[in-house]
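Before any comments, here is the structure.
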Amino acid sequence: DAGITQSPRYKITETGRQVTLMCHQTWSHSYMFWYRQDLGHGLRLIYYSAAADITDKGEVSDGYVVSRSKTENFPLTLESATRSQTSVYFCASSGEGENTEAFFGQGTRLTVV
Amino acid sequence: KQEVTQIPAALSVPEGENLVLNCSFTDSAIYNLQWFRQDPGKGLTSLLLIQSSQREQTSGRLNASLDKSSGRSTLYIAASQPGDSATYLCAVPAGGNDKLIFGTGTRLQVFP
């Protein structure tokens, strides 16, 4: 299917475990992003990538790691999950140029117990 | 630092009304502004993108305007329907084509 897909849609994990959220896009967009959405905080940027092998931190990057070995994939890893990382995570992508739309995945709801 | 604010935070209206949702931003040096819709438990759906050189953009019953000098954008929804019930978010890029800065959102409910 064309578009941007995230997996899993729902995940429950224990404190201290490592967990990886997957994001795949089929448009060959250069830019990819990870956001988290929390009540009272809205959407906040965790990490972004301008191209394969180029990543940069966002506003709330502590405790997260990303990689981008292929243009279409942008996995997000929580190295040692904490309860404060319970959230809904959204992946997004956009193309080159100053006026291209950003497109979002359906989100992953992560609960850390 | 760019800050984006949306007013009102919530809105409840009867079906058929014309609506205006507001978005304001502190740094007028933006390339574009994008409006999104988010249904409960779902991802964000792009509605409209207005380029900095444009003043308006239309899609069906939706019309978005942009006034960079005053740091404002409005989303006009004509003849609202219950299916329009959702949260509406505006966002501006922090620089170039990279990270978006989101507003706090307006939660809209349209009742029959």
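Looking at the range B:1-47 only, could you name the residues that are aliphatic (A, V, I, L, M), surrounded by 15 or more Cβ atoms within 10 Å (Cβ to Cβ) and more than 22 Å from A:F33 (Cα to Cα)?
Of the residues in the range B:1-47, the ones aliphatic (A, V, I, L, M) are B:4, B:7, B:9-11, B:13, B:19-21, B:29-30, B:33, B:44, B:47.
With the extra rule that they be surrounded by 15 or more Cβ atoms within 10 Å (Cβ to Cβ), the set shrinks to B:4, B:11, B:13, B:19, B:21, B:30, B:33, B:44, B:47.
Answer for the range B:1-47, where residues must be aliphatic (A, V, I, L, M), surrounded by 15 or more Cβ atoms within 10 Å (Cβ to Cβ) and more than 22 Å from A:F33 (Cα to Cα): B:L11, B:V13, B:L19, B:L21.
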Only one of (1) facing chain A (nearest Cβ under 9 Å); (2) under 23 Å from B:S85 (Cβ atoms) does not apply to B:G60, and that is (1)
Filtering the range A:6-36 down to residues that are more than 9 Å from chain B (Cβ to nearest Cβ) and under 19 Å from B:G41 (Cα atoms) yields A:S7, A:P8, A:R9, A:Y10, A:K11, A:I12, A:L21, A:M22, A:C23, A:W34, A:R36
Log entry, pairs with first residue in the range A:1-24 being touching a residue at least 24 places away in the same chain (Cβ under 8 Å), second being of a type in the set (D, E), beta carbons closer than 7 Å, six or more apart or on different chains, reads A:Q18/A:E79; A:H24/A:E72
Of (1) touching a residue at least 12 places away in the same chain (Cβ under 8 Å); (2) surrounded by 12 or more Cβ atoms within 10 Å (Cβ to Cβ); (3) farther than 28 Å from A:R36 by Cβ, B:Q57 satisfies every one except (1)
Among residues of the range B:26-46 being at the interface with another protein chain (Cβ under 10 Å from one of its Cβ atoms) and without any contact (Cβ under 8 Å) to a residue 40 or more places away in the chain, the residue farthest from the chain's Cα centre (by Cα) is B:G41
Of the residues in the range A:75-100 that are surrounded by fewer than 16 Cβ atoms within 10 Å (Cβ to Cβ) and within 14 Å of another protein chain (Cβ to nearest Cβ), the one that is nearest to B:P93 (Cα to Cα) is A:E98
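Residues checked against (1) farther than 11 Å from B:L21 by Cα; (2) modelled with pLDDT of 95 or more; (3) under 13 Å from the mean Cα position of the chain (by Cα):
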site: B:R55; (1), (2), (3): yes, no, no
site: B:G60; (1), (2), (3): yes, yes, no
site: B:K68; (1), (2), (3): yes, no, no
site: B:A79; (1), (2), (3): yes, yes, no
site: B:A86; (1), (2), (3): yes, yes, yes
site: B:L89; (1), (2), (3): no, yes, yes
site: B:G96; (1), (2), (3): yes, no, no
site: B:K99; (1), (2), (3): yes, no, no
site: B:L108; (1), (2), (3): no, yes, yes
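The values are calculated or read from the model by the stated rules, or taken from the named source; none is laboratory data. As the structure is a prediction and not an experimental result, all values here were calculated from the model. Counting neighbours? That spans all protein chains shown, and the Cβs are built from the backbone with ideal geometry, glycine included.
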